[in-house]
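These notes are about the structure you will find just below.
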Amino acid sequence: MTSAPTMPPTTTTSDLGHRRLGVPAVTFMIIAASAPLTVVAGGVTTTFAVTGVIGVPLSFILLAAALAVFAVGYAAMSRYVTNAGAFYAYIAQGLGRPFGVGASLVALVSYNAMQIGIYGLFGFQASMFLEAKLGIVTPWWLWILVCIVIVGILGVNRVDLSAKVLGALVALEFVAVLVFDIVSLAVAPEGISTVALQPSSLFVPGVGAVLAFGIAAFMGFESAAIYGEEAKDPKRTVARATYSAVAIIGVFYAFSAWAFTIGIGPSQIVEASATAGPDLMFAFMGEHAPMIISDIMQVLFLTSLFAALQSFHNAVARYFYSLGREGVLHRGLGAVRVGSRAPWAGSVAQSVIALVVTLAFVFAGEGLGLKADFAPVEFLYPVLTMFTWLTNTGAMGLVLLMGIIAIAVIGFFRRDRRGVSTWAAVIAPGIAAIVLFAVFVLIVANFDVLLGQSEPSALTFVLPALLIVPGILGVVWAFVLRRRDPKLYRRIGHGIEEAEAAAFDHEPHRGI
């Protein structure tokens, strides 16, 4: 972590693609990060298989309600804090600059882990699909390298281009899952049953693991604030997009998970999920619908993963941009591309990180032969390591950050309520903090289960350390900056306000 000599901010609010995104565009990018088809095909079946709990659909409703409460304070604060480094700025202004810097590094690790982990599943699914349909045998990592290039190209272009691509892909995902839901309800081997929606089906041993799995399905919904500087109306866009995403995702996942139990049968869903895994949806459609529909859905499964990759890539690029602009990290990361106004330096940095981590997993698995040690079936190596390890680590970090954000909201409004109600400024964020920290504890307690381990190992503790250690180092680095460069320190978490002030100061002042 290095900082250049203190200098006036070199960027202004127009440096990013300013005022290009409306509520639909931001909502689509949020939902894209959640990857609806991936969650229903992969996340839901995995949760059924690992936990043995039928009440998964009800868990989505409860989690959506909890996140909606979190969104109350989050949205209220978004009207007063507009910064591409959302978590970083919120915590810096609500709890203090050292905590903000620590949170920024935890956010960088978490979003990078989510994004790179999804690459593992993408590479595996692409290679398996080509082999099954065309007989072409390719290494899983080849398609990751190709995808890194495509994601990187979109990342350095105008953000509304990414929004249009993601919007189209998300729309196709919804259509695919809705077709599956309709077929499931039509087949219904055990009839239409509400057993999966009953509290007695959820609140059983294993409910903690269900909630830990379920919260990961919502990750990305909090990213609306990252696009605040590029929103047409940041004071309203962030709040409306966040509420819309939570409502759409929660209802859609709950309904589709319930339809899944109907299509397979409540008494068979756990066993079927454990046997077939994510392929259960496609096998079901191949049996009860024309094969072409199943093939199309498998292609859309890949595009679902791609949409999530692009969305998380955009988030990481903007965190790098924000931290570079304010001098917390090297100022070069705050550079934007002249034509597209995209944070190209942050985008390239994320692509390089993804490339290095991917090559490390390839070397460990192929070069050192570790794939035989970590996967009972060797071709599952990228799924059981790269995907499982990194996405669960990322989800853990983001849940922790959301809990801290809830406390930061209370701190932000403590001195100046700004006309915000007690419900939005204190009560809702207080409830959200309790719930989110409880979920975080459940994730920690069930982390070995989430990693697919029969018992805790060194990995169970190493992966959480990848989050905690950077957070601690970030706090220390903030104090170093305070001693070394007080002016830079004062700007931490306030970069957009400083940039606006600088732009105003340099404008010619005209007399009356």
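The values are calculated or read from the model by the stated rules, or taken from the named source; none is laboratory data. What you see is a predicted model; the values in this text were computed from it and never measured. Using ideal geometry, Cβ is built from the backbone for each residue, glycine included, and neighbour counts are taken over all protein chains shown. SASA here: full protein model, heavy atoms, side chains in, ligands and nucleic acids out. Shrake-Rupley method; radii C 1.70, N 1.55, O 1.52, S 1.80 Å.
Computed quantities for the displayed model
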{"item": "Condition check for GLY365: at pLDDT below 80, closer than 21 Å to GLY123 by Cα and either crowded, with 21+ Cβ neighbours inside 10 Å or not hydrophobic (A, V, I, L, M, F, W, C) (or both)", "result": "no"}
{"item": "Neighbours by Cβ (under 7 Å, 6+ apart or cross-chain): first from region 413-441, without any contact (Cβ under 8 Å) to a residue 60 or more places away in the chain; second open to solvent by less than 20 Å² (accessible area, probe 1.4 Å) and not hydrophobic (A, V, I, L, M, F, W, C)", "result": "ALA433/GLY403; PHE437/GLY403; PHE440/GLY403"}
{"item": "Evaluation of GLY419 against (1) within 30 Å of PHE461 (Cβ to Cβ); (2) of a type outside the set (Lys, Arg); (3) surrounded by fewer than 19 Cβ atoms within 10 Å (Cβ to Cβ) (one fails), failing number", "result": "(1)"}
{"item": "Filter pass, ALA433 being surrounded by fewer than 24 Cβ atoms within 10 Å (Cβ to Cβ) and either touching a strand residue (DSSP E or B) at 6+ places or on another chain (Cβ under 6 Å) or modelled with pLDDT under 90 (or both)", "result": "no"}
{"item": "Index of the failed condition, ILE264 passing every other in (1) modelled with pLDDT of 85 or more; (2) over 26 Å from ALA445 (Cβ atoms); (3) surrounded by fewer than 22 Cβ atoms within 10 Å (Cβ to Cβ)", "result": "(3)"}
{"item": "Output for region 359-407, where each listed residue is farther than 19 Å from ALA465 by Cα and within 20 Å of the chain's Cα centre (by Cα)", "result": "PRO382, VAL383, LEU384, ILE405, ALA406"}
{"item": "Options ALA424, ALA458, ALA428, ALA438; residue that is of a type in the set (Gly, Ala, Ser) and either under 20 Å from VAL106 (Cβ atoms) or at pLDDT below 85 (or both)", "result": "ALA438"}
{"item": "Selection count, region 68-109, where residues are small (Gly, Ala, Ser) and open to solvent by 10 Å² or more (accessible area, probe 1.4 Å)", "result": "3"}
{"item": "Residue check for VAL352: open to solvent by less than 50 Å² (accessible area, probe 1.4 Å), within 30 Å of LEU142 (Cα to Cα), modelled with pLDDT of 95 or more and over 17 Å from the mean Cα position of the chain (by Cα)", "result": "no"}
{"item": "Positions within region 441-458 being part of a helix (DSSP H, G or I) and open to solvent by 40 Å² or more (accessible area, probe 1.4 Å), in sequence order", "result": "VAL441, LEU442, VAL444, ALA445, VAL449, ALA458"}
{"item": "Selection from region 301-339 of residues that are farther than 16 Å from ALA168 by Cβ and aliphatic (A, V, I, L, M)", "result": "ALA315, VAL316, ALA317, LEU323, VAL328, LEU329, LEU333, ALA335, VAL336, VAL338"}
{"item": "Where a residue in region 336-359 is at positive phi and its partner, wherever it lies, is acidic (Asp, Glu) and outside any helix (DSSP H, G or I), with Cβ under 7 Å and at least six apart", "result": "ARG341/ASP15"}
{"item": "Candidate set from region 24-66 (those that are part of a loop (DSSP other than H, G, I, E, B) and not β-branched (Val, Ile, Thr)); member that is farthest from the chain's Cα centre (by Cα)", "result": "GLY52"}
{"item": "Wholly enclosed helices (runs of 4 or more DSSP H) of region 121-213 bearing at least 2 residues in contact with a Gly (Cβ under 9 Å, 6 or more places away or on another chain), at pLDDT below 85 and crowded, with 21+ Cβ neighbours inside 10 Å", "result": "159-187"}
{"item": "So ILE404, is it open to solvent by 80 Å² or more (accessible area, probe 1.4 Å), part of a helix (DSSP H, G or I), at pLDDT 85 or above and under 23 Å from PHE320 (Cβ atoms)", "result": "no"}
{"item": "Selection from region 67-120 of residues that are small (Gly, Ala, Ser), in a helix (DSSP H, G or I) and over 16 Å from the mean Cα position of the chain (by Cα)", "result": "ALA68, GLY73, ALA75, ALA76, SER78, ALA89, ALA92, GLY94, GLY100, GLY102"}
{"item": "Candidates ILE192, ILE264, filtered to the one that is of a type in the set (Val, Ile, Thr) and within 26 Å of VAL449 (Cβ to Cβ)", "result": "ILE264"}
{"item": "Evaluation of VAL426 against (1) in contact with a Gly (Cβ under 6 Å, 6 or more places away or on another chain); (2) open to solvent by 50 Å² or more (accessible area, probe 1.4 Å) (one fails), failing number", "result": "(1)"}
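The rows are residues; the columns are (1) modelled with pLDDT under 85; (2) open to solvent by 10 Å² or more (accessible area, probe 1.4 Å); (3) over 30 Å from VAL475 (Cα atoms); (4) in contact with a helix residue (DSSP H, G or I) (Cβ under 7 Å, 6 or more places away or on another chain).
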site	(1), (2), (3), (4)
ALA274	no, yes, yes, yes
MET281	no, no, yes, yes
GLU287	no, yes, yes, no
HIS313	no, no, no, yes
GLY332	no, yes, no, yes
